[in-house]
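A.B. asks: Here it is, the structure in full.
The values are calculated or read from the model by the stated rules, or taken from the named source; none is laboratory data. Just so it is clear, the structure is predicted and the values come from calculations on it, not from any experiment. Cβ sites come from the backbone with ideal geometry, for glycine too, and all protein chains shown count toward neighbours.
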Amino acid sequence: MNSDDLPLSRLGLDRDTARRTEPGLLQELAADPATRVLSVRGGRVLADFSEGHPALVTTAAAEAEAAAAAGTASGAPIWAYLGTADGQPYLAVLQPEVGAGEDSGQRWPAGDGPADLSTDGLRAVNLRDIGALLGEVDAGLATGALALANWHHGHTHCPRCGAITEVEAAGWVRRCPVDRSQHFPRTDPAVIMAITDPQDRLLIARSARWPSNQYSVPAGFVEPGESLEAAVRREVLEETRVRVGEVRYGASQPWPFPASLMCAFTGRTADRHPVPDGDEVVDARFVDREQIAAAWADGSIRPPRPTSVARALIEDWFARPLPLPR
């Protein structure tokens, strides 16, 4: 498994970090007719399906600024510099969720469910659903913009004194006007793992929050003072009573829902009989390749989304094309 091949980790965007602290950078780029702007609202981006596959909708800066100004009843938008691709600069305008009765000022289709990708034309969609369908530049733009949007939404005040912070460094820093402390976007490391038993069966589990046919591989957040490998062993043991021995790192992918970095591992166990904890996990089992193929084909087990690291881990273990559901 290679991180550069995962849907949200592909290297299509130059983040151009050195320019973020240039004075007047956002204004300069907004005045450049070559600059394109991606809008994020309520965790969604706008995509165009008219060509049969999704492509992000970006606009000229003047159009994006006018649209953002029309939605200021929900709060002021935040502008950020995302970087360049093939020499073209990209900005993001991070807009608050539109409240009831407000005009978004943008072509955001009303009532679109995040998983409905069947209709041609413009759709407001969730990155979880379309990340694997986007080109590498679009995937990088959407991932970075959504991560920033989530961070700004949840970190508006200084954690030291409670003052409202000000946005700096082209959207990548918030500074307290009282104590002048700087605050940077947060990333929460999480582990996700494909654990196999002596028969090379894969451990899958169902969260208490999921539908009855939704399964995935175990995952969990890393605790303070803990190594990634220790987190793998602890999380699997806590959730399924399976003791993991050998652990190997595989790849990583950002998962901005809201701020995770998923670190993928494989591991081995001598245990054969998982026991769900009954709290976070309500079912856990080892499955072989024939069982998972049949379950996915008949719909009795629904696989993780193609955008997720979980899907990549399962496909890597499966080692051949996965069956399509009937």
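A.B. asks: Any chance you could count how many residues in segment 293-311 are at pLDDT 95 or above and either loosely packed, with under 14 Cβ neighbours inside 10 Å or farther than 21 Å from Arg209 by Cα (or both)?
C.D. replies: Selection size over segment 293-311: 0.
Conditions tested, residue by residue: (1) more than 29 Å from Ile130 (Cα to Cα); (2) of a type in the set (Lys, Arg).
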residue	(1), (2)
Glu226	yes, no
Ala230	yes, no
Gly245	yes, no
Arg272	yes, yes
Val281	no, no
Arg289	no, yes
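A.B. asks: Still on this structure: If Gly83 satisfies every condition in (1) in contact with a strand residue (DSSP E or B) (Cβ under 6 Å, 6 or more places away or on another chain); (2) farther than 25 Å from Arg19 by Cβ; (3) at pLDDT 90 or above but one, which is the exception?
C.D. replies: Against the list (1) in contact with a strand residue (DSSP E or B) (Cβ under 6 Å, 6 or more places away or on another chain); (2) farther than 25 Å from Arg19 by Cβ; (3) at pLDDT 90 or above, Gly83 comes up short only on (2).
A.B. asks: Just one of (1) out of contact with any helix residue (DSSP H, G or I) (no Cβ under 8 Å at 6 or more places or on another chain); (2) modelled with pLDDT of 90 or more trips up Trp108, so point out which.
C.D. replies: (2)
A.B. asks: Just wondering, is there one or more residues in segment 205-220 that are closer than 19 Å to Asp279 by Cα, in contact with a Phe, Trp or Tyr (Cβ under 7 Å, 6 or more places away or on another chain) and crowded, with 16+ Cβ neighbours inside 10 Å?
C.D. replies: Yes, segment 205-220 contains a residue that is closer than 19 Å to Asp279 by Cα, in contact with a Phe, Trp or Tyr (Cβ under 7 Å, 6 or more places away or on another chain) and crowded, with 16+ Cβ neighbours inside 10 Å.
A.B. asks: Which residue out of Ser9, Ser50 is under 26 Å from Cys263 (Cα atoms) and small (Gly, Ala, Ser)?
C.D. replies: Matching residue, one of Ser9, Ser50: Ser9.
A.B. asks: Identify, please: which residue in segment 306-323 is within 20 Å of Leu127 (Cα to Cα) and of a type in the set (Val, Ile, Thr) and is, among those, farthest from the chain's Cα centre (by Cα)?
C.D. replies: Val309
A.B. asks: Among the candidates Ala34, Ala18, Ala80, which residue alone is outside any strand (DSSP E or B) and either free of Cβ contacts under 8 Å to residues at least 24 places away in the same chain or closer than 25 Å to Arg174 by Cβ (or both)?
C.D. replies: None of the others qualify; the one that does is Ala18.
A.B. asks: Further question on the same structure: Is it the case that Pro23 is over 21 Å from Val167 (Cβ atoms) and part of a loop (DSSP other than H, G, I, E, B)?
C.D. replies: no
Here's the yes/no breakdown for (1) more than 24 Å from Arg10 (Cβ to Cβ); (2) part of a helix (DSSP H, G or I); (3) assigned by TED's automatic domain parsing to the domain that holds Leu202:
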residue	(1), (2), (3)
Arg272	yes, no, yes
Asp277	yes, no, yes
Gln291	yes, yes, yes
Pro323	yes, no, no
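A.B. asks: If Arg186 satisfies every condition in (1) of a type in the set (Lys, Arg); (2) farther than 27 Å from Ala147 by Cβ; (3) touching a helix residue (DSSP H, G or I) at 6+ places or on another chain (Cβ under 7 Å) but one, which is the exception?
C.D. replies: (2)
A.B. asks: Okay, next question. Applying the selection to segment 267-280, what residues are buried (at least 19 other Cβ atoms within 10 Å of the Cβ) and under 27 Å from the mean Cα position of the chain (by Cα)?
C.D. replies: Gly267
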